[in-house]
1. Would you check if there is a residue in the stretch 99-106 being open to solvent by 30 Å² or more (accessible area, probe 1.4 Å), near the ligand (Cβ under 8 Å from one of its atoms) and in a helix (DSSP H, G or I)?
2. Across the stretch 49-71, which residue is surrounded by the fewest Cβ atoms within 10 Å (Cβ to Cβ) among those that are assigned to a helix (DSSP H, G or I) and near the ligand (Cβ under 10 Å from one of its atoms)?
3. Collect the residues in the stretch 130-155 that are over 17 Å from the mean Cα position of the chain (by Cα) and surrounded by 13 or more Cβ atoms within 10 Å (Cβ to Cβ), keeping them in residue-number order.
4. Being β-branched (Val, Ile, Thr) and not in a strand (DSSP E or B) is the filter; apply it to the stretch 117-144 and report the residue that is farthest from residue 61 (Cα to Cα).
5. Which of the residues that make up the stretch 185-230 are under 22 Å from residue 146 (Cα atoms) and among the β-branched types (Val, Ile, Thr)?
6. Going by the structure shown, is residue 27 of a type in the set (D, E, K, R) and within 30 Å of residue 157 (Cβ to Cβ)?
Amino acid sequence: MDRQLFAILGNPVSHSKSPLMHNLAFKGLGFDGCYTRYLLKDGQALKEMMMRLGLAGANITVPHKEVAFKACDHLDSFAKRAGAINTIIIKEGKLHGYNTDAPGFLRAIREFSEAKTVLFLGAGGTARATSLLLRDRGYEVTILNRGAQRLRSFADDGFDTATYENFKPKPYDLVINMTSAGLKDDLLPAPKAILDTLIPTAKACIDVVYGRETPFLKLAKRYGKPTKEGSDMLLYQGVIAFDYFTDHHYSHAEIEFFMKKAFII
Ligand code: NDP
C-alpha cells in the first residue's frame, strides 16, 4: 500500500501538536503514514480540500467541527448525537466522521473515579459532546454558561442549565472549564465570586485548555485543590483518532506509548 497522508485542518493550526503526535506513532509502529497541517479558512471547502490533498483521513479543529459534521456522508451513532466531529476517514470517496474529543476527555478523567457530580463551565461544541457521553456513563452534569443562547439545546436534552444570573451554587465533585477562557487570554471562565463558592467544595478542578496554566487552574491551586489540564485529553483523542486512521490495527496502549513522546519533546 502507498504511503497514506493525514492532516489537521482548522484555523489556526500552526500551534497544533497533532502532526508531531501522529508522526511519532506512525514511525514507532512502522505504519507508512505522514501527518501534516493545513490552514483551512473556509469550512465549506473541507471535503473538496481533503480530496484535492489526497488525504486518507483528517482531524478537524476550531472552528470547523460543526461544518465537518454536516460534510460527512456517514456518522457513527455517537457523532450523530454530538453534532460535531473532529476525526474523518475517507473510504471509497465517502467521508466517515467520528467524535474522539468526548471519549478522550472521559479517559483523561479516569483518575477521578469517585466523582459523580460535574459542573461544566461553558456550553460550546466540546461541552456538548462531552456532556452527553459523561451522562451516558452515569455522571450528573450541570451546565453553567455566560450566555443563554447555547444553553437551550442542553436544556432540551434534559440537562440542568444556568447562566450567571440564575445560578444557584451547590457542591460539585468536579468543576471543569470547557470554555476557551484562558486559552489566549488571562480570563477566568466565570465570575470570580461564583468560582469562590464552587472551588472550595470541589474534589478537583479540570481544564480542557492545554499547554499553559490557566487563571482557573491557578485559582484552584490557591485553594489547594487537585487540578488537571487538557494535555491528557489531547493525547487520548489523538490515540482514538489514530486507531480509526490505521483501521484498528494497533492497541491503544501501543499507540499511546509512541504518541505521548510528543509531550516531552
Ligand atoms: P466553542 O467556541 O464551541 O465554545 C466556547 C464556549 O466558551 C462558549 O460556551 C462560550 O460562551 C465560552 N466562552 C468563551 N470565552 C469565554 C469567557 N471569556 N468567559 C466565559 N465563557 C467564555 O469552543 P469549543 O467547545 O470548541 O472549545 C472549548 C475549549 O476546549 C477551547 O479552549 C479548546 O481549545 C478546548 N479543547 C481542548 C481539547 C483538548 O484536547 N484538550 C479538545 C477540544 C477542545 P458563550 O456561549 O457565552 O459565548
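The values are calculated or read from the model by the stated rules, or taken from the named source; none is laboratory data. Keep in mind it's a predicted model, so treat the numbers as computed, not measured. Cβ atoms come from the backbone with ideal geometry, glycine included; neighbour counts cover every protein chain shown. Note: areas computed on protein heavy atoms with side chains; ligands, DNA, RNA excluded. Shrake-Rupley method; radii C 1.70, N 1.55, O 1.52, S 1.80 Å.
1. Scanning the stretch 99-106, I find no residue that is open to solvent by 30 Å² or more (accessible area, probe 1.4 Å), near the ligand (Cβ under 8 Å from one of its atoms) and in a helix (DSSP H, G or I), so the answer is no.
2. 66
3. Matches in the stretch 130-155: 139, 140, 142, 144, 145, 146, 148, 150, 151, 153, 154, 155.
4. That would be 130.
5. 194, 197, 199, 201, 206, 208, 209, 214
6. no
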